[in-house]
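The values are calculated or read from the model by the stated rules, or taken from the named source; none is laboratory data. Just so it is clear, the structure is predicted and the values come from calculations on it, not from any experiment. Heads up, the Cβs are rebuilt from the backbone with ideal geometry, glycines too, and the neighbour counts pull from every protein chain shown. Keep in mind that these areas ignore ligands, DNA and RNA; they rest on the heavy atoms of the full protein, side chains included. Shrake-Rupley method; radii C 1.70, N 1.55, O 1.52, S 1.80 Å.
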Amino acid sequence: MERQALIHVKSDQPNEQQGNGVLVTDAARNIIGKAPAAPRPAWLPTSGGGQARLPPLRWSISIGNWIKFFQACMDTDTWMYLAKVKGEENITMHDIVAHFVEPWTRGTGCSIAGLLDDNQAEIETMVSHSYDGSVKETFSSVQSLVSLFFLPKDARIFFCTLCLYHPQDGVECGLTIQQQLNLKPFAKIIELKPRYGMFLIHTTNAEVLNRLWCVHEVDEAMLAGIKIFGAIDTNSWTEKQFDKMVDTVCTRNAVCQDQDREMLTNLIQERGGFDRLDKEAVGVRKQAKSDLLAALSFQQLFSMDILSIERIDQKTPLLRRLSLVY
């Protein structure tokens with residue numbers, strides 16, 4: 001196969017831009033090719049106020065703009081190349097940052113969210129995700145916030161891939177990743193008690209709670225007493241897969257960079273430890289499983305994707321109503 005003929009060399013800088021392309025890496029950070037540079041959308045502004053200008057509570061993007069951005073990525077030859085060498089289901093948020101976010105924001109000091117809206121409003125929901133997660137599944141999961149949970153498309157979400165400034169280029173009014181983390185955005189956002197709560201995105205190719213920062217976000221949500229929902233791509237999961245995920249929750253095994261691990265672990269332990277987080281995660285996933293079963297039953301009965309139907313009422317999310325029936 002063509003993919004086997006590509007080079008497999010470890011890279012200390014897997015996202016390094018070379019010539020007119022960006023290196024492509026697999027899950028083990030082996031270089032497997034070089035994708036063509038993605039053309040910058042004409043509708044994406046080239047300047048803005050800068051990440052340092054706004055407090056973390058306003059590092060937000062509307063769901064509509066989130067969808068627009070990812071659709072733009074998927075419409076490029078870069079995406080097609082990534083799909084060819086990795087498999088479309090294996091394109092992750094690491095790829096989005098390397099091939100789209102960094103090249104399109106470098107030198108601006110602004111996140112994608114900041115470029116799209118120079119007057120960002122306060123965050124209305126926190127969306128927690130793994131950078132190792134499938135973009136394709138994440139895309140459907142975020143769409144479900146509108147179609148199944150009835151959030152408006154102009155609802156302001158925090159999604160760190162698009163709401164943080166990633167290039168690390170020292171631009172004035174930009175911030176490094178560490179400077180942004182030092183502002184404790186996750187804790188501050190959750191302390192705000194966002195009106196739509198928090199959504200934890202689950203994908204079949206990555207355990208979101210293997211990322212200690214995601215575990216920390218769950219911890220902060222519990223402390224603040226806000227509702228946590230599980231968001232999934234109902235077309236990608238089977239009941240058996242979901243049962244396995246529910247049965248294997250172990251947040252104490254989550255990992256992150258060395259400089260953050262001790263701080264996050266100590267904070268969680270001071271608040272009662274990891275077992276209570278495991279219990280919360282199991283509850284979130286059991287509710288998400290009932291959503292999945294309702295969606296699968298709907299598809300079997302009506303031969304159509306549940307995401308494609310129109311809203312019936314505005315009071316109860318569609319999957320919640322269906323889960324009471326099936």
Within a Gaussian network of the chain (alpha carbon springs, distance under 10 Å), most fluctuating of Trp66, Trp43, Trp213: Trp43
Residues of region 201-281: accessible area per residue with a 1.4 Å probe, Å²: 48
Listed peptides 26-32, 284-290 by packing density, highest first (mean Cβ within 10 Å): 284-290, 26-32
Residues with amide H under 5 Å from that of Val24, placed H, sequence gap 5 or more: Ile32, Gly33, Lys34, Ala35
Accessible area per residue in Å² at 1.4 Å probe, computed on region 31-90: 43
Å² of accessible area per residue within region 110-180, as computed with a 1.4 Å probe and no ligands counted: 30
Heavy-atom accessible surface of region 210-279: percent carbon and sulfur, 1.4 Å: 48
For the chain, built as a Gaussian network whose Cα springs stay under 10 Å, the top-fluctuating residue of Leu301, Leu57, Leu293: Leu301
Gap separating the Cα centres of region 170-239 and region 45-68, nearest whole Å: 17
With every protein chain in place, region 143-190: carbon and sulfur % of accessible area (1.4 Å): 53
Rounded percent of accessible protein surface that carbon and sulfur make up, region 18-140, 1.4 Å probe: 49
Distance in nm between pseudo-label sites at Asp247 and Arg276 (7 Å out along the Cβ direction from Cα): 2.8
With DNA, RNA and ligands ignored, accessible area of Cys163 (1.4 Å probe; Å², nearest 10): 0
Paramagnetic reach from Lys68 in region 120-157 [backbone N under 17 Å; point 7 Å along Cα→Cβ]: 120-121, 143, 152-157
Value of D in µm² per second that Stokes-Einstein yields for region 46-160, Kirkwood Rh from Cα pairs, at 10 °C (1.306 mPa s): 108
The chain: relative contact order as a whole-number percent, Cα under 8 Å and 6+ apart: 16
Listed values (1) 17.2; (2) 25.6; (3) 23.0, entry calculated as mean projected area of the Cα convex hull in nm²: (1)
Considering only the chain, percent of DSSP beta bridges that pair antiparallel, nearest 5: 55
